[in-house]
1. Among the residues of the stretch 403-435, which ones are outside any helix (DSSP H, G or I) and out of contact with any strand residue (DSSP E or B) (no Cβ under 9 Å at 6 or more places or on another chain)?
2. Determine which member of the set PHE40, PHE14, PHE33, PHE27 is touching a residue at least 24 places away in the same chain (Cβ under 8 Å), among the aromatic types (Phe, Trp, Tyr) and either under 11 Å from VAL152 (Cβ atoms) or touching a Cys at 6+ places or on another chain (Cβ under 6 Å) (or both).
3. Are there any strands (runs of 3 or more DSSP E) wholly within the stretch 163-279 with 2 or more residues that are within 29 Å of GLU22 (Cα to Cα) and in the same structural domain as MET133 (by TED's automatic domain parsing), and if so which?
4. In the stretch 90-114, what residues are of a type outside the set (Gly, Ala, Ser) and free of Cβ contacts under 8 Å to residues at least 40 places away in the same chain?
5. Just one of GLU365, GLU317 is surrounded by 15 or more Cβ atoms within 10 Å (Cβ to Cβ) and either among the acidic types (Asp, Glu) or outside the structural domain of LEU443 (by TED's automatic domain parsing) (or both); which is it?
6. Take SER200 and decide whether it is touching a Lys or Arg at 6+ places or on another chain (Cβ under 8 Å) and at pLDDT 90 or above.
7. Return the residues of the stretch 555-586 that are aliphatic (A, V, I, L, M), modelled with pLDDT of 90 or more and assigned to a helix (DSSP H, G or I); say none if nothing qualifies.
8. Within the stretch 637-677, can you find the residues that are surrounded by 22 or more Cβ atoms within 10 Å (Cβ to Cβ), part of a loop (DSSP other than H, G, I, E, B) and of a type in the set (Phe, Trp, Tyr)?
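The values are calculated or read from the model by the stated rules, or taken from the named source; none is laboratory data. The structure presented is a predicted model; accordingly, all values stated were derived computationally and were not measured. Counting neighbours? That spans all protein chains shown, and the Cβs are built from the backbone with ideal geometry, glycine included.
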Amino acid sequence: MFEHGKIQNLEDYFTKLEQRRERGVYFYRINGFQEEILRFLEKYYEAARKTGVVIEGKIPNPEEKHLSYYDEIMGREFRMDTGFMEQSLKKWLPRMNDYQRGQVAGSIYDTLADMRRSGKNDHMLKNAYIKFMCWLYYRFERIVNRLGENEVPKILYEGTVSSYELKLLSILSKAGSDIVLLQYDGDRPYRALDPSDALSFELESAGMGAFPEGFCIRKLQKELERKWNRERLWGGGPGVTGCTNAWMEGSGFADLLKSGPERGEDQRFFYNGFLRISGVEDKVTYLNELYQFQLAVRNQERSLVVLEHEIPVPSSEEIRMVPRKNYSDAEQMFADLSREIQYTADRELEKLMRKAFIDILSEEEEAPGMNLNRLVNHAVYLICWLRRYTPGLFESRKLQKISCLIYLGGVKNGKEAMFLKLLSRLPVDVLILKPDREEVCSLADPKLYEINFGLSLKVEHVPKEEQDIRMGTAAYHAERELDEVMYQDSGLYRNQQYDRALSVSLQTMYEEIALLWDQEVKYRPNFAVTGSVVSIPVIFAKISGVKDGQINRYWSDIHALVTADTFVIRRAPHIDPSGHNPMKAHVTEFFKNRKLQKEKIKNHACYPYGFLREEMQDHILEKLQLLIDRRIIKGTFENGTEYTIIAVVLNLEKEIVRLLQRFDFTKKNPKLIYIHTTEQMISLEDSILTAFLNLAGFDVVFFVPTGYQCIEKYFNREIMEEHQIGEYVYDLQAPSFGAHPSNHTRRSWREIIFKRGN
């Protein structure tokens, strides 16, 4: 009988009997999962399916008709004798040879003898013997006549094995069969049957985890069937396969400049790289190194394609040239669209392209939320890009001369990631350069080789000519690095450091407004910087009444708030609803599906903010969208008020626009003071203006000595706090404050709080 051997790796299962170290068989339990185990199970399942037995769940007990047939052929005689058992097997399983019968009979005898020693009586032994014989005939007849052959038969058992099942498997194992027990629920039930591991070994491998949810042989079978079907679509399969990254040493550019023989000489493979380098090692020399790398690639007579920050989406003409049908499933789509990938100059490369195309889309098919329509869309993109870049990549097609594609920047989306992964399965070195470490990259692939450097550098273009290289001196980069150290998480901020901001309204006491008013926002409570976004604490308040009825002091306090960055409104309404507004006629063009058409706005002939820095233009449009989305103004998405909002914000006064242009999000913010002394109603347009400026980062204060409602009626909710500071006073006329007076002495915080000071 055969002894149980120990494997050094899972591939030992597939060695021939005569080549095994101990000329034994293998019987292992697999209780965990990893990619290596998945690949083994795929291969082992295929072997068991062809020359062995696959058991899913349980081995059913013999049915009554099976027992009746056994009685008819064999009778009910039973003897604990190997000679009796051999003769019974010769009659019951006539295809077995003498050697095989001897092995099986001996294994059955040993198993029954162990049962007898454990206390089982002859009646129990007879029942077990008949069960084993029926199982051998009805479930294992196809392998018993293969036992002991050089191609060792395979048994794959899935689930929790019972006592009698384990005994039968042990019989077949000792007689010359390899066995794998696939146990999803762990090893505890098995150990209750075989605590000393006398019958099998547990597979132990570093990195094993739990089986994926829903994993089973049935699912494995379906995946393999799908894989086989797709292999047929490749047209017989390519003659070579990729050896990606295995030959690399981690030296970045130097690795990718290795010649074919330096990479490997096995003709069954092409040797390519799939590499992402994040950050830079030396800011001073990086651009020159990149330029020299390109020169070296071209000097090797290799094809080179460079993409910067994106892969331009296929044009409508490119898409139109890919014929499509109505597909019932992914398989049908793969079969049809893969035929659109043609490369007559090299049929081997064509097969590689088709295989990569189907493999990548098969992976994508499993992505959450994927459906057939989206998958077709992705397939069309891949075909369009292949057609676009194939001439440049494979103009001098030789397996020894691997093409090269450089992608500068973080990969933008899943479609781009799919295309780069597809190219990595072809004779192409795919190099993703992400010198700016802060840039997000959508590409994730277990095959991707990663190199990371600590320094970050913004690079807009890959230098193509010597004059494109603008190399900073060591002093220049030292200054930049000092700049980064000083202005990152230090509380210090350089001019115009941030271009995105979020306004946070402060709740204050009335006395605090004067204290906070002329402060830089970075010193105010709740100021914060999160990533690249500044949270700006702003004031949005209504001051009702006049403190102690002192009119002169009232105007003096307002005058003290009029800084160089303050816009003052003295009469209501400020914006005449019937006034001239050139943007009104175009607002319907600018708003579709509840979203601003930002590019259309910027490119329109009437767009008034094109002279502003780009960051401020984006800031204005972002806060305009936010004002609409939050439905702050009554009537938004009800009676077309959203179009009025757009018209108002796209027609701001020159002085307000200049205040926005000067606005540095970490320093003093611009202000709006609105003085409302009469019964005249403030217009809807005025409410839109003030709500927008609040979102844009302005301090906005309404002075209403009458205490009347002013803009509240236009808001859907309370967004402005109100301070009642004294008695109501009527029929006042706001003076003309002009610029902030140079001879005015602002009261100190001691004077304001403690009523003392100079």
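1. First, pick out the residues of the stretch 403-435 that are outside any helix (DSSP H, G or I): 403-413, 424-435.
Within the stretch 403-435, LYS412, ASN413 meet the criteria.
2. Numbers: PHE40 fails: either under 11 Å from VAL152 (Cβ atoms) or touching a Cys at 6+ places or on another chain (Cβ under 6 Å) (or both); PHE33 fails: either under 11 Å from VAL152 (Cβ atoms) or touching a Cys at 6+ places or on another chain (Cβ under 6 Å) (or both); PHE27 fails: either under 11 Å from VAL152 (Cβ atoms) or touching a Cys at 6+ places or on another chain (Cβ under 6 Å) (or both).
Matching residue, one of PHE40, PHE14, PHE33, PHE27: PHE14.
3. Details: elements: 178-182, 241-244, 269-272, 274-278.
Passing ranges, in order: 178-182.
4. Let us first name the residues in the stretch 90-114 that are of a type outside the set (Gly, Ala, Ser), namely 90-101, 103-104, 108-112, 114.
Answer for the stretch 90-114, where residues must be of a type outside the set (Gly, Ala, Ser) and free of Cβ contacts under 8 Å to residues at least 40 places away in the same chain: LYS90, LYS91, PRO94, ASP98, ARG101, TYR109, LEU112, ASP114.
5. Values: GLU317 fails: surrounded by 15 or more Cβ atoms within 10 Å (Cβ to Cβ).
Every option except GLU365 fails the conditions.
6. On the way: touching a Lys or Arg at 6+ places or on another chain (Cβ under 8 Å): yes; at pLDDT 90 or above: yes.
So SER200 fits the description; yes.
7. Of everything in the stretch 555-586, those that are aliphatic (A, V, I, L, M), modelled with pLDDT of 90 or more and assigned to a helix (DSSP H, G or I) turn out to be ILE558, ALA560.
8. PHE665
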